[in-house]
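One structure below.
The values are calculated or read from the model by the stated rules, or taken from the named source; none is laboratory data. Remember, it's a predicted structure, so these values are computed and weren't measured experimentally. We place every Cβ from the backbone using ideal geometry, glycine too, and count neighbours over all the protein chains shown.
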Amino acid sequence: MYLILHIWRQQGPRDKGHFERHEARDVSEHMSFLEMLDVINEQLIEAGKDPIAFDHDCREGICGMCGMVVNGEAHGPQRQTTTCQLHMRQFQNGDELWIEPWRASGFPIIKDLSVDRSAFDRIIQAGGYVSIRTGSAPDANEIPIPKGVSDHAMDAAACIGCGACVAACPNASASLFVAAKVSHLGLLPQGQAERPDRVRKMVAQMDAEQFGACTNHAECEAACPKGISISFIARMNRDHLKSMIASSDDVEARPAK
Amino acid sequence: MNLDAREPSGPIEDRWTQHKASSKLVAPANRRKYKVIVVGTGLAGGAAAATLGELGYKVQCFCFQDSPRRAHSIAAQGGINAAKNYQNDGDSVYRLFYDTVKGGDFRSRESNVYRLSELSVSIIDQAVAQGVPFAREYGGLLANRSFGGAQVSRTFYARGQTGQQLLLGAYSALARQIEAGTVDMHPRTEMLDLIVVDGKARGIVTRHLVTGKVEAHVADVVILCTGGYGNVFFLSTNAQGSNCTAAWRAHRRGALFANPCYTQIHPTCIPQSGSYQSKLTLMSESLRNDGRVWVPRNEEDVGKDPTKIPEQDRYYYLEERYPAFGNLVPRDVASRNALYVTNDGLGIGPEVDGERRGVYLDFADAINRLGEQTIRERYGNLFEMYERITGDSPYQTPMRIYPATHYTMGGLWVDYNLMSTIDGLFVGGEANFSDHGANRLGASALMQGLADGYFVLPFTIGNYLGTERNFDGVSEDHPDVRAAVDDVNSRISSLLSAPKAKHAPQWFHRKLGSIIWHQCGMSRNGEGLSQAIDDIRELREQFHREVKVTGGEGEFNQTLERAGRVADFMELGELMCRDALDRAESCGGHFREEHQTEDGEAARRDDEFSYVAAWEFSGDPAQPTLHKEPLTFEYVKPVQRSYK
């Protein structure tokens, strides 16, 4: 296959950035999208030019480190597939592709296609856990959990934290990411004690990180490589409302970096 | 050097309890005076950092990924073993211990393995309390499955994402401590050297991967949980960033490296499709429960559509050679036999570099017997993953599989406290050598990482600090600290200025991987290993002469990162081959062609090789010094494995 690529190049957060044209020749349909970029990068290095920076690690769709926007779609055209699992057979000979980083003020660009997603870590730090001390747990079978509840929690827990939901959202909202964690823990009996505080703290942190609000476009669900449902956002909103009414104290978010 | 494993004595079931009872503690008010560095945030590192922070130590934690949640523990699919005996099928701590020692082909330390089995039950409790959504039965209790041919169902799982869920559990505990201010987290920061002052590990030198800043961090204790070195093979199931640099640099500073030749090659991975390939993807071992492995009997059929090859022309080699276990023989046996049939010219799939390296895993019989729906329920997500990568549907045509490097049992030598041969340097998870012997059983890696992280290290670190007590202040200006920083800076400069810069680091990595895969992979012999040692040395010289790294040191430079990691793999690769050459026996994942039984199976030589090979760096990568820790088996008596 022969492809024309327009790849976003940006030296750093303060650089303006631009598209750079590349041609990919002899692309095999069995290559992954990132392997196609590997080949270009190896050629760039050998020619003494700066290779394209992009984040990636496991290359099996689970670590959540990779992600780029291909022709306007986060992680590219294939449903429920991370960029590393996207293969070139999804494209046609002669296709022209525009490749961009996640774009959101909550995800400042580091270089080229690589962005800073530490905001997600700070949202989890705000309350995305059960406060259980190591060694203090009761026997694992002490609390039976109905299979349906456990499976539902697992549907939410499958989130890989890649940020495609933010990249796909016209408001750059992180609602799907936050809702997935809020729902995962809020559905399980172990997460009940901190449930009201957790949702308020995490939502406050999401707002502080400059992510937008949800206005039900559902682009996040369409882009999510793990197929996480926006019904979790509705669930989070219910929990949040209940908590706002029932709790007397305010929560404070830590300042964004 | 005296390799004292500091194993407690007495009945094996009391050793860990006794050891804890006789160890020193650090009072709560004193803990905040001690600084602990944890490198790596996988199951072992994440769990250790969270637990030590919770105990009140001042923890500095480092990972090279952009977030601690991305460590490669996340990719483990199958499950985690625990001797809960929830299935009432006769499991016990002792049985898990027995299976692990035997599965490791009698090359691990009994006391450590027993402790691992004992702690396995607490791990499940801890994970469930954190909110890990393990699979459940309709009654609401935890579900289990039998894994990797085990006779009991002791494996806990969360769909095909057990590693992810356990890691997110540890990550959430870590996040809680970061919020509480007990752990200072440094993502996108790579350890490039260990600081040793007066014989004790006192800190690390790191490079920030975005700014390029090289700096020293001093502490009272350093813990490495930096994973395995499977990427020495270039192609493996490891993440792209997985590397040996932290462990190798510690080795160069005096930590002995144990059993580097023990690597695990997993039989069911998706074969390479071209020379551009960057990694290999594992398909869960559970597929062998229903799939039948075969290749064409006749060489002229290897390029044909497999569904058109008649039954009598198919060679179900595992079923024919191992009638008792058939397709469920252990990983090493399945892998080696795939190698043999492809060496005989019967491999299938696309030709890569002139060879067809693949065998079929066929579900047609299972679909006929059980119906497509049942197969879809059991393996639907795996079949989808396979189709996404290869474009073929396993419902219609047999899967193609081939072995790939998956796990490394070797690692830094540690005693019972998980302390290396450098005082104050502790090693957990895949980075140490301790529990799996020459072969790791399925669903045991997650168990070991979490046992080390949650339950062993937090305790043994307290013992070390409580025993040593007073640490001289070491500042960033200490001459040994500055020397380590200077070393790192000069290594970086030389990578950036190779005299005849020509090839990208990955070019060399690919060459190194090819040497090791062919000579120190599933099947090894003396001649090949000697040749590999020479070839690697030559390649290493060429690397330092011709590696081309664009850009500078003070910036986000992924080529420079890669070059540093490849440089260390070049040295480790040679040690691996040397260890494999020295170990003139076959055991577990280490198969020496000169040492096999009449049936072609691995022949151990217990009288001569029942020891841990721990290598000391002498200053020259070509002249390491071998030290031996003899292994004794008081409980599980060595026997020869047989799967006929």
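Brief remarks follow.
Residues are listed down the side, and each one gets a yes or a no for (1) over 22 Å from the mean Cα position of the chain (by Cα); (2) at pLDDT 95 or above; (3) closer than 18 Å to B:PHE455 by Cβ:
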| site | (1), (2), (3) |
| --- | --- |
| B:VAL113 | no, yes, yes |
| B:ILE124 | no, yes, yes |
| B:GLY139 | yes, yes, no |
| B:ALA150 | no, no, no |
| B:GLN165 | no, yes, no |
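- Selection status of A:ALA137, farther than 20 Å from A:HIS75 by Cα, within 12 Å of chain B (Cβ to nearest Cβ) and in contact with a helix residue (DSSP H, G or I) (Cβ under 8 Å, 6 or more places away or on another chain): yes
- Scope the range B:14-55; condition part of a loop (DSSP other than H, G, I, E, B) and either away from every other protein chain (no Cβ under 14 Å) or out of contact with any helix residue (DSSP H, G or I) (no Cβ under 9 Å at 6 or more places or on another chain) (or both); matching residues: B:SER22, B:SER23, B:LYS24, B:LEU25, B:VAL26, B:ALA27, B:ARG32, B:LYS33, B:TYR34
- Some residue of the range B:236-249 being assigned to a loop (DSSP other than H, G, I, E, B), closer than 28 Å to A:ASN41 by Cβ and of a type in the set (Phe, Trp, Tyr): no
- The one condition in (1) under 30 Å from B:ALA603 (Cα atoms); (2) buried (at least 24 other Cβ atoms within 10 Å of the Cβ) that B:THR41 fails to fulfil: (1)
- Single unsatisfied condition, A:SER183 versus (1) buried (at least 21 other Cβ atoms within 10 Å of the Cβ); (2) away from chain B (no Cβ under 14 Å); (3) assigned to a helix (DSSP H, G or I): (2)
- Candidate set from the range A:45-72 (those that are over 19 Å from B:THR41 (Cβ atoms), more than 9 Å from every other protein chain (Cβ to nearest Cβ) and within 13 Å of the chain's Cα centre (by Cα)); member that is surrounded by the fewest Cβ atoms within 10 Å (Cβ to Cβ): A:VAL69
- Selection of the range A:77-100 for residues being crowded, with 24+ Cβ neighbours inside 10 Å and assigned to a loop (DSSP other than H, G, I, E, B) yields A:THR82, A:LEU86.
- Scanning the range A:101-125 for residues that are facing chain B (nearest Cβ under 7 Å) and aliphatic (A, V, I, L, M) yields A:ILE110, A:ILE124.
- Matching entry among B:GLU561, B:GLU601, B:GLU593 (being acidic (Asp, Glu), within 28 Å of B:ALA404 (Cβ to Cβ) and modelled with pLDDT under 95): B:GLU601
- Counting only residues that are surrounded by fewer than 24 Cβ atoms within 10 Å (Cβ to Cβ), of a type in the set (Gly, Ala, Ser), in contact (Cβ under 8 Å) with a residue 12 or more places away in the chain and closer than 22 Å to B:GLY56 by Cα, the range B:160-205 holds 1 of them.
- Summed over the range B:96-111, the residues that are outside any helix (DSSP H, G or I), within 18 Å of the chain's Cα centre (by Cα) and not basic (Lys, Arg) give a count of 3.
- Among the candidates B:ALA48, B:ALA76, the residue that is hydrophobic (A, V, I, L, M, F, W, C) and modelled with pLDDT under 95 is uniquely B:ALA76.
- In the range B:173-209, the residues that are assigned to a loop (DSSP other than H, G, I, E, B) and more than 14 Å from chain A (Cβ to nearest Cβ): B:ASP198, B:GLY199
- Where B:GLY212 falls short, out of the listed (1) surrounded by fewer than 19 Cβ atoms within 10 Å (Cβ to Cβ); (2) more than 14 Å from every other protein chain (Cβ to nearest Cβ); (3) of a type outside the set (Asp, Glu): (2)
- A:GLU20 vs. criteria more than 9 Å from chain B (Cβ to nearest Cβ) and in contact (Cβ under 8 Å) with a residue 12 or more places away in the chain: yes
Residue-by-condition table, conditions (1) of a type in the set (Ser, Thr, Tyr); (2) assigned to a helix (DSSP H, G or I); (3) over 18 Å from the mean Cα position of the chain (by Cα):
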site	(1), (2), (3)
A:ILE132	no, no, yes
A:PRO138	no, no, yes
A:GLY148	no, yes, yes
A:CYS159	no, no, no
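- Here the range B:491-507 is the region considered, the condition is being more than 14 Å from B:GLU541 (Cβ to Cβ) and among the hydrophobic types (A, V, I, L, M, F, W, C), and the residue that is nearest to the other protein chains (Cβ to nearest Cβ) is B:ALA504.
- Scanning the range B:26-69 for residues that are closer than 23 Å to B:THR467 by Cα and of a type in the set (Ser, Thr, Tyr) returns B:TYR34, B:THR51, B:TYR57.
- Verdict on A:ILE123 being in the same structural domain as A:LEU188 (by TED's automatic domain parsing), of a type outside the set (Lys, Arg), farther than 30 Å from A:LEU5 by Cβ and assigned to a loop (DSSP other than H, G, I, E, B): no
- Per the listing B:ARG369, B:ARG378, the residue uniquely among the basic types (Lys, Arg) and at pLDDT below 95 is B:ARG378.
- Among residues of the range B:282-296 being surrounded by fewer than 23 Cβ atoms within 10 Å (Cβ to Cβ) and part of a loop (DSSP other than H, G, I, E, B), the one that is farthest from the other protein chains (Cβ to nearest Cβ) is B:ASP290.
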